[in-house]
1. Return yes when Ile61 is under 24 Å from Tyr142 (Cα atoms), open to solvent by 50 Å² or more (accessible area, probe 1.4 Å), assigned to a helix (DSSP H, G or I) and modelled with pLDDT under 95 and no when it is not.
2. Given the criteria assigned to a helix (DSSP H, G or I), under 15 Å from the mean Cα position of the chain (by Cα) and in contact (Cβ under 8 Å) with a residue 12 or more places away in the chain, does Leu26 qualify?
3. So which pairs qualify, if the first residue must be in segment 148-172 and closer than 12 Å to Ser120 by Cα, the second must be open to solvent by 10 Å² or more (accessible area, probe 1.4 Å) and aliphatic (A, V, I, L, M), the Cβ gap must be under 7 Å, and the two must be at least 6 apart or on different chains?
4. Does Leu38 qualify as being touching a residue at least 60 places away in the same chain (Cβ under 8 Å), closer than 19 Å to Phe171 by Cβ, within 19 Å of the chain's Cα centre (by Cα) and open to solvent by less than 40 Å² (accessible area, probe 1.4 Å)?
5. Consider Met176 carefully, then state whether it is modelled with pLDDT of 90 or more, open to solvent by 70 Å² or more (accessible area, probe 1.4 Å) and of a type in the set (A, V, I, L, M).
6. Is there a residue in segment 75-85 that is part of a helix (DSSP H, G or I), of a type in the set (S, T, N, Q) and either open to solvent by less than 60 Å² (accessible area, probe 1.4 Å) or within 17 Å of Leu201 (Cβ to Cβ) (or both)?
7. Go through (1) touching a residue at least 12 places away in the same chain (Cβ under 8 Å); (2) part of a helix (DSSP H, G or I); (3) not aliphatic (A, V, I, L, M) one by one and return the number of the condition Gln133 breaks.
8. Looking at Tyr142, Tyr164, can you tell me which residue is within 30 Å of Glu113 (Cα to Cα), hydroxyl-bearing (Ser, Thr, Tyr), in a helix (DSSP H, G or I) and open to solvent by less than 40 Å² (accessible area, probe 1.4 Å)?
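The values are calculated or read from the model by the stated rules, or taken from the named source; none is laboratory data. Keep in mind it's a predicted model, so treat the numbers as computed, not measured. Counting neighbours? That spans all protein chains shown, and the Cβs are built from the backbone with ideal geometry, glycine included. Ligands, DNA and RNA are stripped out before the accessible areas are found, and what is left, the full protein with its side chains, is counted by its heavy atoms. Shrake-Rupley method; radii C 1.70, N 1.55, O 1.52, S 1.80 Å.
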Amino acid sequence: MNEHISSAYDRDLEGITTLIMKMGGLVEEAILKAVKSLADRDVELAEEVRAGDKVIDALEIQINEEAARTIALRAPVSKDLRSVLTVLRLAASLERIGDYAKNIAKRTSVLVEMNSVSGSDVALRRMAREVEQMLKDTLDSYLRGDADLAEDVRQRDQEVDQMYNALFREFLTFMMEDPRNITACMHLHFMAKNIERMGDLTTNMAEQVIYLVTGEIPEEARPKGDRTAYVTDPG
């Protein structure tokens, strides 16, 4: 009987993991498409990102339902329970990252009507690619149970913060040099802040993987490179 329950639990977790990887792939795609829509001034691609967020949201709901069903039917304990709880946390973070990608796409629709700010598109794409790679590595570390790779992701968040700091200073310079740049730079700043927050959420996911594998949340505070004043994004 115990073997039967264990086998059923393994099948359930495998199914949920498949959903997580599907969700993660869609979120990775949304990140890259969002910044590409800005670089190409492609409103249709931006709208595709916004529409695709509904699929990501639906997957989170499905994962939550499957995880709840698994807990109710299999009554997992110890590491098995930790695995299900980790999945729930990963799904919540992925959904939030998808929201940030959608927010970037929304601002693209406004920015296409304005003059571009020199170098901003390239810098934002570079920052987004770094976050997307961090997310990919985090999902790989989850599949492989690789705490070392997850820790590597955790350390790389500082690089994203430093990119954000550089952009923040650059946008301030553009705004001071020409007040006509203020509106565009404010939108671009909030895009950069969205990407920086994606990095934070990805790092949180990496910490959950470390917890899943080792049973312990990292005690050492991860390095932070964001030294800018906090600015609230109205969304």
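1. Numbers: under 24 Å from Tyr142 (Cα atoms): yes; open to solvent by 50 Å² or more (accessible area, probe 1.4 Å): yes; assigned to a helix (DSSP H, G or I): yes; modelled with pLDDT under 95: no.
For Ile61, the condition - under 24 Å from Tyr142 (Cα atoms), open to solvent by 50 Å² or more (accessible area, probe 1.4 Å), assigned to a helix (DSSP H, G or I) and modelled with pLDDT under 95 - is not met.
2. Numbers: assigned to a helix (DSSP H, G or I): yes; under 15 Å from the mean Cα position of the chain (by Cα): yes; in contact (Cβ under 8 Å) with a residue 12 or more places away in the chain: yes.
Yes.
3. Leu167/Ala123
4. On the way: touching a residue at least 60 places away in the same chain (Cβ under 8 Å): yes; closer than 19 Å to Phe171 by Cβ: yes; within 19 Å of the chain's Cα centre (by Cα): yes; open to solvent by less than 40 Å² (accessible area, probe 1.4 Å): yes.
It is true that Leu38 is touching a residue at least 60 places away in the same chain (Cβ under 8 Å), closer than 19 Å to Phe171 by Cβ, within 19 Å of the chain's Cα centre (by Cα) and open to solvent by less than 40 Å² (accessible area, probe 1.4 Å).
5. Numbers: modelled with pLDDT of 90 or more: yes; open to solvent by 70 Å² or more (accessible area, probe 1.4 Å): yes; of a type in the set (A, V, I, L, M): yes.
Against the criterion (modelled with pLDDT of 90 or more, open to solvent by 70 Å² or more (accessible area, probe 1.4 Å) and of a type in the set (A, V, I, L, M)), Met176 qualifies.
6. Taking segment 75-85 first, the residues part of a helix (DSSP H, G or I) are 78-85.
Those still in the list that are of a type in the set (S, T, N, Q) too: 78, 83.
The next check asks that each one be either open to solvent by less than 60 Å² (accessible area, probe 1.4 Å) or within 17 Å of Leu201 (Cβ to Cβ) (or both); those that pass are 83.
For segment 75-85, residues part of a helix (DSSP H, G or I), of a type in the set (S, T, N, Q) and either open to solvent by less than 60 Å² (accessible area, probe 1.4 Å) or within 17 Å of Leu201 (Cβ to Cβ) (or both): present.
7. Single failed check for Gln133: (1).
8. Exactly one residue qualifies, and that residue is Tyr164.
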